[in-house]
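Structure first, then comments.
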């Protein structure tokens with residue numbers, strides 16, 4: 001079987017009507033009492049995981065070659081006690097010679113939707129006698145006494161009676177048999193041309209939203225409401241990117257703090273149970289589907305932040321939940337001595353370069369697209385997935401199995417793909433482009449189906465502007481980026497805190513303020529640390545916030561905002577709130593009652609909707625060299641101007657020590673608006689002259705001005721008189737052409753004359 005193919009399906013290997021096993025095979029203390037009613041797999045082909053079929057369930061699990069027996073236990077919903085027990089029939093060896101595996105499969109009558117189950121896998125570890133230095137793990141991987149979660153369970157149920165998260169590795173999780181049927185109606189993926197992403201958290205998004213029923217707050221059902229989706233649409237967001245919702249383990253911390261963010265994956269197929277208002281076994285699956293359906297009804301995409309680079313099992317010495325007990329060597333990277341390879345800081349790398357690990361990742365991705373209807377993925381620490389089995393970086397990641405499989409997959413190659421392009425061992429900020437440019441050389445095509453990357457260099461450049469230390473060259477390069485551009489994310493300061501704190505304040509995490517970024521926050525408190533009643537400082541902070549938002553929403557690529565930034569959410573200076581499952585992390589809906597914050601929201605919303613109408617803003621990279629030959633004024637698609645209205649370059653601006661410039665984006669042939677965005681990253685107001693060649697072609701108005709929070713939706717339009725206006729210190733102003741004077745040969749279809757046609761420039765024009 002080719003490496004890029006799915007391992008979810010296998011030819012049937014046993015057509016016997018019934019198997020009756022009398023003794024357990026070798027492997028430690030394997031019990032010799034078990035049910036004798038396991039039937040041959042009923043489906044035409046074997047699919048890993050549970051499949052409802054007839055009056056029972058087909059089960060299949062792929063294990064390492066040293067596993068000698070596999071049992072299934074049906075357990076009680078009340079207390080997790082075993083109700084019935086079966087042994088799956090002996091399989092044949094899967095022919096993958098790089099890492100031999102076996103598929104155990106059978107049909108069990110009497111199990112149904114909602115049934116809870118776990119596996120026991122018996123066998124022994126085999127170590128290479130020719131490697132005397134190879135270390136033996138401190139646990140028996142094939143310890144049949146350990147109840148194992150199905151690696152491909154579609155839902156996971158946690159029983160309180162079996163779970164004590166404050167004792168390492170003591171949580172018990174069971175797989176749930178689910179019915180995949182769901183009434184999707186006419187659901188279809190939104191057709192988004194100009195994406196604006198909102199990074200958010202399922203629980204935090206609605207936990208404090210008092211307009212929805214209490215039982216829905218902080219759940220998938222809470223997000224699947226018109227109240228929540230209306231806010232998303234109001235702010236101009238086209239897509240919500242959910243922090244991890246794959247079932248994860250809540251790593252406990254002192255003082256009852258837990259892993260709030262969810263970057264500790266237990267299972268790649270199951271939605272996280274605690275985010276569901278429906279706590280019946282499997283209820284989380286239908287509730288998540290309802291969220292996706294509701295989002296699509298509102299024209300909003302759903303993107304998942306997925307963690308495939310490691311699991312909750314950690315490295316040697318970590319707990320064993322599923323993967324370790326099924327096929328430790330197949331799922332995790334090891335060196336030649338059997339020691340874990342770790343490029344993520346969590347114990348070991350999940351191995352996406354060999355078939356066992358790669359196939360489960362691919363099947364998981366396809367499942368979320370086909371069955372759950374999600375629109376794309378953001379891959380946490382993506383370079384781990386692009387590493388070779390020995391942990392090394394390939395010379396060309398385009399040829400690495402995971403990357404190659406994605407590029408050639410008919411489903412996965414057509415969805416949103418976002419890489420966090422760094423890990424602890426390489427591919428850091430300085431190597432932006434390893435994912436996006438190696439998949440396709442043609443950057444003019446639609447970005448769906450090609451990779452985009454989180455742009456850390458962009459974040460740093462704009463934060464420098466926000467604190468008055470911006471660099472012209474860095475900023476112009478950032479404006480022309482076509483990656484995922486952001487100023488804030490879950491990891492780091494919020495937008496408010498970037499402008500209110502010089503130092504991190506993470507004491508509440510219980511680690512004596514040692515955790516989180518210390519030296520590279522690039523923040524500025526504007527004169528006082530934290531809360532202040534000084535109105536001048538408060539306004540300076542909001543001005544800086546508006547300025548950074550203005551830059552973000554007028555840059556190329558895809559902007560991503562952190563949920564809550566639009567209402568100036570604060571984490572009180574905590575830049576690593578991973579363990580703060582409380583109001584510090586939740587969306588503060590009460591902030592919307594503050595008239596000053598509503599003004600801030602209106603400003604952001606104006607820019608978001610402006611961007612949505614103007615696709616040329618996100619396509620700058622592919623338009624750099626494109627001259628609009630059929631334009632009435634033969635103007636360039638993108639051009640940079642100095643404050644005197646003359647064309648310039650970043651090199652010239654830098655050489656002259658200038659701190660201000662304008663970037664023109666033509667709306668022609670996009671049925672869009674022609675815009676000039678002016679950036680002043682210096683301290684001091686300046687007079688700006690509109691570009692002579694553009695001013696002669698039409699009239700201009702100011703759309704938004706970060707200096708005073710002006711936006712055209714909230715006041716009278718500010719027309720620019722005599723082609724000159726004042727650009728304030730450390731501010732951004734967006735200017736729009738409102739009319740075009742057309743040369744002979746062009747007529748307005750509606751106007752029927754040669755005079756002036758209303759904006760946008762190219763709309764309703766015909767060439768005689």
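Packing, as the average of other Cβ atoms within 10 Å across residues, places the peptides 102-111, 207-216, 557-566 in the order 557-566, 102-111, 207-216, highest first. Residues 721, 187 in ascending order of nearby Cβ atoms (within 10 Å, fewest first): 721, 187.
Put in line by how crowded their Cβ is, counting other Cβ atoms within 10 Å and starting with the fewest, 692, 496, 373, 201 read 692, 373, 496, 201.
Placing a label point 7 Å from the Cα of residue 532 along the Cα-to-Cβ direction, the residues of the stretch 573-597 with a backbone N closer than 19 Å are 573-574, 596-597.
Pop the C-beta distance of residue 370 and residue 298 into the FRET formula with R0 = 22 Å and round what comes out to the nearest 0.05.
Numbers: r = 22 Å, r/R0 = 0.99.
Computed FRET efficiency for residue 370 and residue 298: 0.50.
Between residue 502 and residue 687, the simple spin-label model (points 7 angstrom out along Cα→Cβ) gives 3.7 nm.
Taking a point 7 Å out from the Cα of residue 404 in the direction of its Cβ, the residues of the stretch 368-388 whose backbone N falls within less than 17 Å of it are 385-388. Each peptide in 360-366, 672-678 gets a packing score, the mean of other Cβ atoms within 10 Å over its residues, and the list from highest to lowest is 672-678, 360-366.
For residue 396 and residue 520, what does the FRET efficiency come to when R0 = 51 Å and r is the distance between their Cβ atoms, rounded to the nearest 0.05?
On the way: r = 30 Å, r/R0 = 0.59.
After rounding, the FRET efficiency stands at 0.95.
Residue exposure proxy: 229, 424, ordered by other Cβ atoms within 10 angstrom of their Cβ from fewest to most, comes out as 424, 229.
Taking 0.36 nm per residue of separation and subtracting the current Cα-Cα distance, fully stretching the chain between residue 592 and residue 255 would add 118.2 nm. The simple Förster model, with R0 at 30 Å and r as the Cβ-Cβ distance, assigns residue 599 and residue 644 a FRET efficiency of 0.35.
Each label point was placed 7 Å from the Cα along the Cα-to-Cβ direction; for residue 339 and residue 613 their separation is 6.1 nm. Within the stretch 515-538, which residues have the backbone N less than 17 Å from the label spot 7 Å out from residue 460 along Cα→beta-carbon, could you tell me? Under cut-off, by backbone N: 517-524.
The distance between label points at residue 83 and residue 124 comes to 3.6 nm (points 7 Å beyond Cα on the Cα→Cβ vector).
The numbers here are math on the coordinates, done by the rules we state, and not lab data. These numbers come from a predicted model, not from an experiment. As a convention, Cβ positions derive from the backbone with ideal geometry for all residues, glycine included, and neighbour counts pool all protein chains shown.
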